[in-house]
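Visitor: Let me give you the structure first, and then I'll get to my questions.
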Amino acid sequence: MAASSSASTPSSSHLLSQRLLAIRARMDAAARAAGRDPASVTLTAVSKTQPPEAIDAALATGLRVFGENRVQEAQGRWTDRRPDIPDLELRLIGPLQSNKAVEAVALFDVIETLDREKLIGALAAAQDKLGRRPRVLVQVNTGEEPQKAGVWPRDADALIVSARAAGLLIEGVMAIPPADEEPILHFALLAKIAARNDLSILSMGMSNDYEAAIRLGATHVRLGTALFGERNPSVAPSSI
């Protein structure tokens with residue numbers, strides 16, 4: 001399916017455009033309050049579970065950076081659209097199984113969820129097989145929550161060293177703070193891990209806390225609900 005705004009109704013497209021304008025204004029204000037250039041912060045539109053008309057409306061606004069949670073779902077959504085959108089950037093923001101590494105490397109420009117040694121090997125092998133080298137972020141479980149993916153903070157440095165040695169293009173770190181804790185502390189911790197490993201990309205901040213994340217140095221904020229509205233209740237919730 002080619003990218004087009006024709007599939008979206010004027011009302012849905014207008015509503016998304018209005019939300020985007022408000023988000024951009026808040027992002028810019030947060031960046032300026034921190035003495036940063038607003039252009040240094042990228043909005044990643046979390047397109048997982050969104051219907052085709054919502055994707056088309058987002059593309060019609062000029063958005064080109066999209067985050068997906070599952071490889072197979074992203075393949076169905078973007079494989080046909082991609083040839084018509086040369087500046088599209090797809091980012092995997094959900095957990096990645098090692099047996100999906102080849103498919104992920106083939107589709108995504110950025111993989112944000114490297115969190116274990118086994119996955120390093122799988123991604124390195126996939127790179128060699130396909131001759132494609134996506135950028136990679138290490139996901140840090142800043143809250144040390146056992147139910148969540150991500151390397152624990154004390155192990156992050158060693159994982160980064162190992163990933164670099166394997167030939168992965170490590171450019172940054174990503175985190176999802178605990179829902180019931182103050183996110184600023186987690187953003188600050190992630191920023192420290194990035195700084196001591198000479199990493200420039202910080203993917204942190206979602207619909208409820210992206211302004212705080214920007215003030216703490218986020219270069220990428222991942223927005224779903226703030227941009228697209230509340231999810232369909234029939235769709236299972238996720239942590240992103």
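Visitor: Among the residues of the range 182-207, which ones are among the basic types (Lys, Arg) and either under 14 Å from Glu112 (Cα atoms) or in contact with a Lys or Arg (Cβ under 7 Å, 6 or more places away or on another chain) (or both)?
Guide: Answer for the range 182-207, where residues must be among the basic types (Lys, Arg) and either under 14 Å from Glu112 (Cα atoms) or in contact with a Lys or Arg (Cβ under 7 Å, 6 or more places away or on another chain) (or both): there is none.
Visitor: Restricted to the range 34-46, and to residues that are in contact (Cβ under 8 Å) with a residue 60 or more places away in the chain and not in a loop (DSSP other than H, G, I, E, B), which residue is farthest from the chain's Cα centre (by Cα)?
Guide: Ser40
Visitor: Specify which of the listed residues (Ala22, Ala31) is surrounded by fewer than 16 Cβ atoms within 10 Å (Cβ to Cβ) and in a helix (DSSP H, G or I).
Guide: Every option except Ala22 fails the conditions.
Visitor: Is it true that Gln75 is within 27 Å of Leu114 (Cβ to Cβ), part of a loop (DSSP other than H, G, I, E, B), more than 14 Å from the chain's Cα centre (by Cα) and not aromatic (Phe, Trp, Tyr)?
Guide: No: the conditions fail for Gln75.
Visitor: Tell me which strands (runs of 3 or more DSSP E) are completely within the range 81-184 and hold 3 or more residues being of a type in the set (A, V, I, L, M) and within 18 Å of Ser203 (Cβ to Cβ), or say none if there are none.
Guide: 110-114, 135-139, 169-174
Visitor: Which of the residues belonging to the range 185-205 are charged (D, E, K, R) and either outside any helix (DSSP H, G or I) or modelled with pLDDT under 95 (or both)?
Guide: Asp198
Visitor: A further question follows. Here are Ile85, Ile93: which of them is of a type in the set (Val, Ile, Thr) and more than 28 Å from Thr142 (Cα to Cα)?
Guide: Ile85
Visitor: May I pose another question? Any residue in the range 193-214 that is surrounded by 21 or more Cβ atoms within 10 Å (Cβ to Cβ) sitting within a Cβ distance under 9 Å of a residue that is charged (D, E, K, R) and at pLDDT below 95? List the pairs, counting only those 6 or more apart or interchain.
Guide: The qualifying pairs do not exist here.
Visitor: Please determine, by comparing only the residues of the range 78-91 that are surrounded by fewer than 16 Cβ atoms within 10 Å (Cβ to Cβ) and of a type outside the set (D, E, K, R), which one is farthest from the chain's Cα centre (by Cα).
Guide: Selected residue: Pro83.
Visitor: Any residue that is closer than 22 Å to Glu171 by Cα, outside any loop (DSSP other than H, G, I, E, B) and in contact with a helix residue (DSSP H, G or I) (Cβ under 6 Å, 6 or more places away or on another chain) - is there at least one of those in the range 47-59?
Guide: So far as the range 47-59 goes, no, none of its residues is closer than 22 Å to Glu171 by Cα, outside any loop (DSSP other than H, G, I, E, B) and in contact with a helix residue (DSSP H, G or I) (Cβ under 6 Å, 6 or more places away or on another chain).
Visitor: Starting from residues that are closer than 17 Å to Glu103 by Cβ and of a type in the set (Asp, Glu), keep the ones in the range 50-76 and report whichever is surrounded by the most Cβ atoms within 10 Å (Cβ to Cβ).
Guide: Checked the range 50-76; the qualifying residue surrounded by the most Cβ atoms within 10 Å (Cβ to Cβ) is Glu68.
Visitor: Take the residues in the range 89-103 that are without any contact (Cβ under 8 Å) to a residue 40 or more places away in the chain and in contact with a strand residue (DSSP E or B) (Cβ under 7 Å, 6 or more places away or on another chain), then tell me which one is farthest from Leu59 (Cα to Cα).
Guide: Filtering first and then ranking leaves Leu96.
Visitor: May I ask you to list the residues in the range 46-77 that are out of contact with any Gly (no Cβ under 7 Å at 6 or more places or on another chain) and hydrophobic (A, V, I, L, M, F, W, C)?
Guide: Ala54, Ile55, Ala57, Ala58, Leu59, Ala60, Leu63, Val65, Phe66, Val71, Ala74, listed by residue number.
Okay, residues lined up against (1) touching a residue at least 40 places away in the same chain (Cβ under 8 Å); (2) over 25 Å from Gly224 (Cα atoms); (3) buried (at least 16 other Cβ atoms within 10 Å of the Cβ):
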position	(1), (2), (3)
Val105	no, no, yes
Glu117	yes, yes, no
Leu123	yes, yes, yes
Val151	no, no, yes
Leu169	no, yes, no
Val173	no, no, yes
Glu182	no, no, no
Phe187	no, no, yes
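Visitor: Scan the range 125-137 residue by residue and report those that are closer than 18 Å to Phe66 by Cα and crowded, with 18+ Cβ neighbours inside 10 Å.
Guide: Selection gives Pro134, Val136, Leu137.
The values are calculated or read from the model by the stated rules, or taken from the named source; none is laboratory data. Just so we're clear, the structure is a prediction, and the values are computed from it rather than from any experiment. Neighbour counts run over all protein chains shown; Cβ positions are idealised from the backbone, glycine included.
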